[in-house]
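What follows is a set of notes on a single structure, which appears directly below.
What follows draws every value from the coordinates through simple rules; no lab data is involved. Values in this document were obtained by computation on a predicted structure and should not be read as measured data. So basically every Cβ, Gly included, is an ideal-geometry build from the backbone, and we count neighbours across all protein chains shown.
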Amino acid sequence: MNCKADRRDRHISITLLMALASLIPGCGKSEPPSSVTPQLRFEPQPRSLSTVSGITPMRHPKLGVDPVSSNGVYVLVILGEGDSSRLALLNSTDGGDSFDKPVWISEPGGVNSHGENSPALVVRPDVMYAAWNQGGDIRLARSLTWGGSFEKPVRISDKPTKAFSGYVSIGVAPNGDVYAVWLDTRESTPTQDVYAIYFARSTDKGATFGKNIKIADHVCECCRPNVSFGPNNEVLVFFRHIYPGSIRDMTVAVTRDGGDSFSVPVRIAEDNWKLEGCPDSGIALARSGKRIYGAWLTEASPSTAGVRLTWSDDAGKTWAPAVLASQKVLDANYPALSTADDGRVELIFQGRDPEKQAGWSTTSAFLVEIDKEGRLSSPVEVPGVPTTVVRPTVIAGANGRVFTAWTTTVAGQQTAFLDRARH
């Protein structure tokens with residue numbers, strides 16, 4: 001990466017260029033700039049999606065978007081509570097101005113969703129996937145009709161016992177293979193809980209899945225793992241490993257043969273976070289060209305506490321020095337990442353504005369933009385949020401559009417909110 005600015009950008013001040021360069025490895029400190037703001041125009045007021053479905057409560061939204069036009073916007077949500085809760089998709093064909101009635105995905109019987117253990121959604125040009133935890137198992141359903149209907153769910157986890165499987169993430173490789181990764185306790189004993197990372201692959205677009213393969217044990221018991229892909233058939237599985245001394249750092253294992261063998265897991269950053277318990281916070285991933293970004297929470301020290309960010313340009317062999325992407329935002333946590341069609345990456349997380357109520361304001365959603373050169377903006381608060389934001393998510397659409405969503409509570413009922421922005 002070149003530390004020199006393009007001559008076409010002469011309107012940018014020298015001070016700003018120095019701040020931007022400070023983020024680039026080899027160009028000074030690995031701290032992100034604090035004087036650049038993303039050029040986004042938000043809707044003045046987020047909208048409750050409960051009025052769309054007519055069903056409350058609603059929680060844990062996940063976003064998808066038509067990869068071509070952004071007129072198709074999809075929100076995966078859980079409707080109802082307990083045994084009556086079901087997974088549903090809200091479809092919009094007008095960029096989020098309005099939504100159709102819910103399309104049911106899960107079968108009756110209740111969806112297990114709490115904290116990190118929430119459903120996952122992936123939207124591809126030809127197929128849509130939803131995965132979730134139900135009855136202690138991992139289920140996946142696909143739609144070949146752009147969310148108009150979903151096929152009967154398939155069971156991914158093949159464990160013979162009633163052990164727990166959850167905290168699932170799914171990813172689609174460049175060749176169309178579908179990978180699921182999750183936490184699993186099938187090796188537990190009556191006296192000890194054993195959490196391990198498992199994965200399974202589908203070579204027929206999610207119609208069936210192969211055998212479950214263990215990648216690693218001694219993993220954080222409530223931090224969602226995640227999966228990404230390199231340019232040469234690499235599959236990278238990320239998780240929070242427990243190292244000796246109860247050090248809980250983010251780690252990656254790589255396979256180059258579809259999962260038949262994995263590399264020895266290695267840390268992507270040595271935070272050395274010693275914690276006698278689970279932080280209930282996993283890793284967010286995004287790809288931009290050959291670059292893989294990872295964002296996660298650490299509170300290893302006051303100087304590094306918050307949402308950290310690193311990246312690899314060689315399919316996980318080496319990683320850039322991690323930077324504090326949340327900067328001055330307090331209590332920053334639960335990052336999500338999404339890549340736009342122009343290579344720009346959006347990072348969202350929840351946190352508190354240090355300037356409000358002496359830093360004890362309600363939690364809000366904050367957005368950071370990462371440009372194609374890897375330069376970060378300062379965090380911008382999503383405006384007009386009426387109450388506390390919980391676990392925000394983001395999806396970058398075509399032509400500069402950005403969609404954000406989160407769970408909040410209004411009049412004692414959980415609901416999902418949506419806000420849009422554009423460049």
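Between 68, 389, 172, the Gaussian network model of the chain with springs among Cα atoms under 10 angstrom shows the greatest mean-square fluctuation at 68.
Using only side-chain charges placed at the Cβ, +1 for Lys and Arg and -1 for Asp and Glu, the dipole size of the range 242-357 relative to its Cα centre rounds to 160 debye.
From its DSSP helices (H runs of at least four residues, each -39,500 (n - 2.57)), the chain gives a residue-normalised ellipticity at 222 nm of -500 deg cm²/dmol. Each peptide among 140-153, 214-227 gets the average number of other Cβ atoms lying within 10 Å of its residues, and from highest to lowest they stand as 214-227, 140-153. About the centre of its Cα atoms, the chain shows a dipole size close to 460 debye [charges on the beta carbon of Lys, Arg (+1) and Asp, Glu (-1) only; nearest 20 debye]. Sequentially through the range 300-313, phi angles give Karplus couplings (6.51, -1.76, 1.60; θ = phi - 60°) of 5, 7, x, 7, 10, 5, x, 8, 9, 9, 9, 8, 10, 9 Hz, Gly and Pro residues having no value and appearing as x.
Seen from all directions on average, the chain presents a Cα convex hull projection of 20.4 nm².
Summing +1 for each Lys or Arg and -1 for each Asp or Glu, what net charge is found among the other residues whose Cβ lies under 12 Å from the Cβ of residue 235? Counting the neighbours of residue 235, the net charge comes to -2.
Excluding residue 173 itself, what net charge comes from residues whose Cβ is under 10 Å from its Cβ, given Lys and Arg +1 and Asp and Glu -1? Overall, the nearby charge balance is -1.
Over the C-alpha atoms of the range 64-133, the Rg to Rh ratio, Rh being the Kirkwood estimate, stands at 0.99. The trypsin sites (Lys or Arg not before Pro) of the range 273-370 that meet both conditions, a loop assignment by DSSP and at most 14 other Cβ atoms within 10 Å of the site Cβ, are 290, 317, 356.
Highest mobility in the GNM of the chain, judged by mean-square fluctuation with C-alpha springs under 10 Å and restricted to 275, 87, 309, is found for 275.
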